[in-house]
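Nothing in this text is a laboratory measurement; each read-out follows from the coordinates by a stated rule. Quick caveat, the model's predicted, so the values are computed rather than measured. FYI the Cβ positions are ideal-geometry reconstructions off the backbone, even for glycines, and counts take in every protein chain you see.
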Amino acid sequence: QVQLVESGGGLVQAGGSLRLSCAASGSIASINAMAWYRQVPGKQRELVARISSGGRTNYADSVKGRFTISRDNVKNTVYLQMNGLKPEDTAVYYCNALVVVTPPRTNEYWGQGTQVTVSS
C-alpha cells in the first residue's frame, strides 16, 4: 500500500545540477532510513546516499562533496541534490525507504527509478 514516486531526473550537461525527489505515500506510521541508489547497465546497484530518521547521512565516496541527501518528514519525502554532475553519474536512480506500517514491523520499499543522463 506504500508507494515511492521519484521525480526530477533528466538530461543535463557535465557540471550541471539536478534535484531528485521521492515522495512516500500510503499507510505510513513513520519512516526510518531513506536512501538513494543508482544502477548502470551491467553493474550492481550502488548505494549513493542514505539518511537516517535522526538525520545522520552517509555517501558513496564517488559523490562526497557533490551530492546532498535531505528529507522532509512532514511530506514523507527524500531529496538528492546533485551538483557538479559528471558523465559517470549517468544511471537509473532508485529511492529506497524503510517504512513502519504496523509497529514494530517495517517494510522495505523501492521506487521505480528515474533516469539521470549526464552528457560531456
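Quick notes
- Model label sites at Lys86 and Ser25, defined 7 Å from Cα along the beta-carbon direction, differ in position by 3.7 nm.
- Ordering of 75-84, 58-67 by burial proxy (mean other Cβ atoms within 10 Å per residue, highest first): 75-84, 58-67
- Net dipole in debye of the chain [+1 Lys, Arg Cβ; -1 Asp, Glu Cβ; about Cα centre; nearest 20]: 160
- Choice from Ser70, Ser21, Ser30 with maximal GNM fluctuation in the chain (Cα, 10 Å cutoff): Ser30
- Label point at Leu47 placed 7 Å out along Cα→Cβ; residues across the stretch 89-105 whose backbone nitrogen lies under 13 Å: 96-98
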